[in-house]
């Protein structure tokens, strides 16, 4: 799998710095260490049909993960992630325990939050995983904005299935656009990977 290196400023990241990992780390053209979450990614690839993973360090997702076990259904975009977005219990980054927790929380869905850490989204390709990365972060921002101590007045739990059906028929493709033309994300730091070959 191809993964971003650990501890680099992502503004300076270039393709030459991306390396590969399967049984060991194979740096890109410059010597770097792999992301500390490489074990998480490998576990996801081995247990799901994901072809791409985006891991972000959204402060809103990290904050929300400190107070909930599941992202409340306050936005219908959660339907695009497979419905419920669970929070993986905290474990130190880079640990085998975190890899297990992430896989358990992700299950057959396209996203999960990592306790006191950030979020992970998966997709059929990097463009889809990247686009999905904005949805748990956006919902986390909305919920963090509810600093009144009150519960949201409207939960969309029952409406998520209807929203998922609607999204299956929603949208269109610009015949001249490439997949990367239509992506958007949260603007947070992230690591990305592609599956092992």
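The values are calculated or read from the model by the stated rules, or taken from the named source; none is laboratory data. A quick note: this is a predicted structure, and the numbers were derived from the prediction, not measured. Note that each Cβ is placed from the backbone with ideal geometry, even for glycine, and that neighbours are counted across all protein chains shown.
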Inspect all residues belonging to the stretch 1-13 and state whether any of them is buried (at least 22 other Cβ atoms within 10 Å of the Cβ), touching a residue at least 40 places away in the same chain (Cβ under 8 Å), closer than 20 Å to residue 136 by Cα and in contact with a helix residue (DSSP H, G or I) (Cβ under 8 Å, 6 or more places away or on another chain).
-> no
Quick one: which residue in 60, 73, 79, 50 is touching a helix residue (DSSP H, G or I) at 6+ places or on another chain (Cβ under 6 Å), part of a loop (DSSP other than H, G, I, E, B) and at pLDDT 85 or above?
-> 50
Consider residue 67 carefully, then state whether it is out of contact with any strand residue (DSSP E or B) (no Cβ under 9 Å at 6 or more places or on another chain), within 21 Å of residue 131 (Cα to Cα) and modelled with pLDDT under 90.
-> no
